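Down below is the structure, laid out as structure tokens.
The values are calculated or read from the model by the stated rules, or taken from the named source; none is laboratory data. Note that the structure is a prediction, hence the values are computed from the model and not measured. Glycine also receives a Cβ, built like all others from the backbone with ideal geometry; neighbour counts cover every protein chain displayed. Heavy atoms of the whole protein, side chains included, go into the accessibility calculation; ligands, DNA and RNA do not. Shrake-Rupley method; radii C 1.70, N 1.55, O 1.52, S 1.80 Å.
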Amino acid sequence: MIRLMRFAAVSASLILLWHLLVVMTGLPPFILPGPMRVAAALTGNIELIGHHALVTIAEVLLGLGLGSLLGAMTAIGLAISPMARTLLRPMMVISQALPVFALAPLLTLWLGYGLWPKVIMALLIIYFPVTSAFFDGLMATPRGMLDLARVMNGQPWRIMAHIRIPAGLPGLASGLKLAAVYAPIGAIIGEWVGASQGLGYLMLLANGRAKTDLMFAALIVIVIITLSLHASVDRLCRVLARRMQFDA
Amino acid sequence: MTGLHLEGNATIDGTAVFDGVSLPVENGRWTCLLGRSGVGKSTIMRLVAGLADHVRFTGRIDVDDGNRLEERVTLMAQQDSLLPWLNTVDNVLLGARLRGQRLDRVRASRLIDQVGLGEHQHKKPHALSGGQRQRVALARTLMEDRPVVLLDEPFSALDARVRAEMQELAAEHLAGRTVLLVTHDPGEAARLGDSIHVMTGTGLISVEPPSSPVIRAYDDPEVLACQGRLLRLLREAS
């Protein structure tokens, strides 16, 4: 409740600041529309925005789900095999030097204008943070637990399933929280490069027609989607952590 | 027959950990190993447990019956290493679960009763006190039912009263097994040791244990005298 009130207070002050900025600078609405204008654009185009938002949400959720799955599986593979670590880790670091943004046109070229290039953009952007955070979590299993498991003659994959993965879940959780913020960025970039639907596409379209208020409305919806996604993932992780007694 | 004898020297990354050590661990009895920190007690423990990957060991570990030690050793350490997401019963069943064996819940439950945690079967570790958690670790050790038990300072983080209780509980339930106890507490060694060795930089010094059988009373004059002797040796050795 307190968090909600704090959130409302922050939002209200930001909107007020925005309003004052518009009034004081006297900028024309096609450069910087005021909050009232944007609110009107939002309610007036609710169906249009809603339609495009659903497309973006689908891309983000698919990218988030697939990217997390792939990232988690990679982290487990790296944790199991020292060979994979020596081979794959340098490759992963090098791949991070590649600007993912630059890949967006290529993906569009290869996969067309549909849903998948955006899903893959979101996936690519979250893959590394998820893998890296979960891998660190898996490697930080308390040594005493692993010693015990070895003396018990545990089978390696059972040790992974019963000890290392549960012990690494806080790492995965922090990776997922980052991913929830990054995934929408990936999807929007994908939409900018080539799309016929989605909030990123709508923003470009509105921009081209000097409908700055509609552009701002789409931007606000993106922010709301990202914040809700982050809050949901955060909540899920907290519930999980409580059930696993990690906070104890 | 699972008595064993460790003999040799060990280095880690080229630095000698111990040199010329000859440690007999008698079948079915308590052998206590004392020494200051860093003298190599834990390395000996890890060698016997098969956990000393990073140690270069030159020498041998002979077992009385000539068979391998693997799958005949169990370990209880200072950290209870209970899994925080499992309750008491499931923590006790961990070994069976990691080996993919049938989970004998009835036996686990009975052992938990025996260590005095009957009412705490379904609690998770965070809901237990330090002493109770070590009782769970003891039940987990008993559940493994292995002839050789390695105790690596298992009671040293407990307060004096709980420590005394745990020593008695362990002595009762581990009777008949081959136990190697590493400790830095002379009183504990004097109470529990059928044989007692002090590890120093130049090798092992064997100390005559009190004549009464274990577990001995804290205030037995012989125990107190032995404790004093051990403490003196520890101080002279450092």
- Message: Taking the criterion of being within 14 Å of another protein chain (Cβ to nearest Cβ), outside any helix (DSSP H, G or I) and either without any contact (Cβ under 8 Å) to a residue 60 or more places away in the chain or in contact with a strand residue (DSSP E or B) (Cβ under 9 Å, 6 or more places away or on another chain) (or both), would at least one residue in the range A:167-185 satisfy it?
- Response: no
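So that you can scan it fast, the table gives a plain yes or no per residue for (1) more than 20 Å from B:Leu98 (Cα to Cα); (2) more than 7 Å from chain A (Cβ to nearest Cβ); (3) open to solvent by 50 Å² or more (accessible area, probe 1.4 Å); (4) of a type in the set (Asp, Glu):
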position	(1), (2), (3), (4)
B:Ile44	yes, yes, no, no
B:Ala49	no, no, no, no
B:Asp53	yes, yes, yes, yes
B:Val63	yes, yes, no, no
B:Arg68	yes, yes, yes, no
B:Glu71	no, no, yes, yes
B:Ala77	no, no, no, no
B:Asp80	no, yes, no, yes
B:Leu83	no, no, no, no
- Message: Is it the case, given these coordinates, that A:Arg158 is within 14 Å of chain B (Cβ to nearest Cβ) and either at positive phi or open to solvent by 20 Å² or more (accessible area, probe 1.4 Å) (or both)?
- Response: yes
- Query: Name the strands (runs of 3 or more DSSP E) wholly within the range B:1-82 that hold at least 3 residues that are touching a residue at least 60 places away in the same chain (Cβ under 8 Å) and under 17 Å from the mean Cα position of the chain (by Cα)?
  - Reply: B:15-25, B:30-35, B:73-77
- Note on the structure: Here the qualifying pairs (Cβ atoms under 9 Å; residues six or more apart or on different chains; first in the range A:198-217 and touching a residue at least 40 places away in the same chain (Cβ under 8 Å); second in a helix (DSSP H, G or I) and among the acidic types (Asp, Glu)) come out as A:Gly198/A:Glu59; A:Gly198/A:Glu191; A:Leu199/A:Glu191; A:Gly200/A:Glu191; A:Tyr201/A:Glu191; A:Leu202/A:Glu191
- Note on the structure: When restricted to B:Arg97, B:Arg140, B:Arg107, the only residue modelled with pLDDT of 95 or more, assigned to a helix (DSSP H, G or I) and crowded, with 23+ Cβ neighbours inside 10 Å is B:Arg140
- Task: For the range A:45-76, enumerate the residues that are exposed (fewer than 15 other Cβ atoms within 10 Å of the Cβ) and farther than 23 Å from A:Leu227 by Cα.
- Result: A:Met73
- Message: Tell me the residue from B:Leu174, B:Leu150, B:Leu181 that is open to solvent by less than 20 Å² (accessible area, probe 1.4 Å) and touching a Cys at 6+ places or on another chain (Cβ under 7 Å), please.
- Response: B:Leu181
- Message: Could you list, ordered by first residue, the pairs with Cβ atoms under 6 Å in which the first is in the range B:159-179 and among the basic types (Lys, Arg) and the second is in a loop (DSSP other than H, G, I, E, B) and open to solvent by less than 70 Å² (accessible area, probe 1.4 Å), at least 6 apart or interchain?
- Response: B:Arg163/B:Phe155; B:Arg177/B:Pro147
- Subset of the range B:110-130 [surrounded by 19 or more Cβ atoms within 10 Å (Cβ to Cβ) and closer than 26 Å to B:Trp30 by Cβ]: B:Leu111, B:Ile112, B:Val115, B:Leu117
- Query: Just for helices (runs of 4 or more DSSP H) wholly inside the range A:1-111: which have at least 1 residues that are under 23 Å from the mean Cα position of the chain (by Cα)?
  - Reply: A:2-25, A:46-80, A:82-97, A:100-111
- Item | All positions within the range B:192-238 that are open to solvent by 90 Å² or more (accessible area, probe 1.4 Å), in a loop (DSSP other than H, G, I, E, B) and among the charged types (D, E, K, R) | B:Glu208, B:Asp219
- Message: Condition check: touching a residue at least 60 places away in the same chain (Cβ under 8 Å) and either open to solvent by 60 Å² or more (accessible area, probe 1.4 Å) or touching a Lys or Arg at 6+ places or on another chain (Cβ under 6 Å) (or both). Does A:Pro90 satisfy that?
- Response: no
- Quick one: which residue in A:Leu172, A:Leu227, A:Leu176 is surrounded by 22 or more Cβ atoms within 10 Å (Cβ to Cβ) and more than 30 Å from A:Leu109 (Cα to Cα)? A:Leu172
